[in-house]
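Comments concern the structure below.
The values are calculated or read from the model by the stated rules, or taken from the named source; none is laboratory data. Predicted model, so just to flag it, every value in this text is computed and none were measured. Glycine also receives a Cβ, built like all others from the backbone with ideal geometry; neighbour counts cover every protein chain displayed. For the accessible areas, the whole protein counts, side chains as well, though only heavy atoms, and no ligand, DNA or RNA atoms are used. Shrake-Rupley method; radii C 1.70, N 1.55, O 1.52, S 1.80 Å.
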Amino acid sequence: MTPGHGTSPRPHELPDASGSLLSGSLLSGSLPSGSSPSGPSGSRPGAATLGKARSENFPVAPAFLPRAWREGLMAVYGYARLVDDIGDGDLAPGGHDAVLLGLDPAATDDRTAMLDALEADLGRVFGGTDGPPRHPLMLALQPVVRAHGLTPESFLGLIEANRQDQRVARYATYGELVGYCELSANPVGRLVLDLTGTSTPERIRRSDAVCTALQIAEHLQDVAEDLARDRIYLPGEDMRRFHVTETDLKAPSAGASVRALVAFETERARELLDEGTPLVGSVHGRLRLLLAGFVGGGRAALRAVTAAGFDVLPGPPKATKSVLLREVAAVLRSAPRKG
């Protein structure tokens, strides 16, 4: 349920959705009133950031949800996407975001300074003494935080993940990578549970499994793109096991060793999704459909990787709409209902 951490936005590659509740609503993210993106940089501050919701592997705030949930989810998404855009250097040109955060426009390229400034603005969201939040996406987040009694920990985790991206470009073990996902992905799922008033220790555990799987799935899709940023999210111990070198990852297409490594990591992510699937059966109504969208989106992404023969080097394998809908339907059928 994490935004595409470590990825730059891509045009939505699914055909236009139409017809049933699933195809008409699950694939669409609803922007808050007045925040519809317009043009390459958006007509309003933060609009371009929110517009990236449509390129995610999963539905961010589909139209079938209650308006309060949609607006809360988009506010959280806007924050998470902004943090990632700062950490990845994907902010709109011109330095406008830096100015909004109280920095010189040239500070846009200083990712650490930008993350520090964003953390200071987060303090204002939670009632700091130096005035209201400065960035419009942070200002939009404040009423959501207050209405749902959200706490800073999950938001701070996302900032820390992006700070880690400035210091760490390789992960020696799978355990280290999972530890990174605990900061970069799992907080988003926990915020979804908090926003919908459904958080319990068991649901948090299941949600963490889903979010880590979604993060790994995106890492697998984006091996080439991440390498262009000098980042590798494939555990070093696994690369050695499958005799894969960094030079192998720079090839235009994957050889047998790379494909075997990607297949291994794909299965790991699939097992995490299976572990998290009971989360869907533990809730009811529209939330059940939303969470099925998250799990189904992850399964569809992994199916796309598999359909590409685990060759992710030419570019990110993306699921079609029909595959996504089939996966979501399968999750709804298979997730055991509780309560």
5 Å-binned pair-distance histogram of the stretch 169-306 (Cα, whole percent): 2, 10, 20, 22, 17, 12, 8, 5, 3, 0
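Hey, if we sort Arg170, Arg299 by accessible area with the 1.4 Å probe, largest down, what's the order? Write down the numbers at each step before the final one.
Values: Arg170 85, Arg299 50 Å².
In descending accessible area the options line up as Arg170, Arg299.
Of the listed peptides 198-208, 220-230, what is their order by residue-averaged count of other C-beta atoms within 10 Å, with the highest listed first? Could you put the intermediate results ahead of the total?
Numbers: 198-208: 16.4, 220-230: 18.9.
Packing order, densest peptide first, comes out as 220-230, 198-208.
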Efficiency of FRET between Ser334 and Thr151 - r from beta-carbon atoms, R0 35 angstrom, step 0.05: 0.60
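For the peptides 145-151, 67-73, what is the packing order when you average, over each peptide's residues, the other Cβ atoms within 10 Å and list the highest mean first? Don't jump to the answer; show the numbers that get you there.
Working: 145-151: 15.0, 67-73: 20.0.
Highest to lowest by the protection proxy: 67-73, 145-151.
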Cα centroid of the stretch 262-339 to Cα centroid of the stretch 129-203, whole Å: 22
Mean Cβ neighbour count within 10 Å, used as a protection proxy, ranking 282-293, 120-131 highest first: 282-293, 120-131
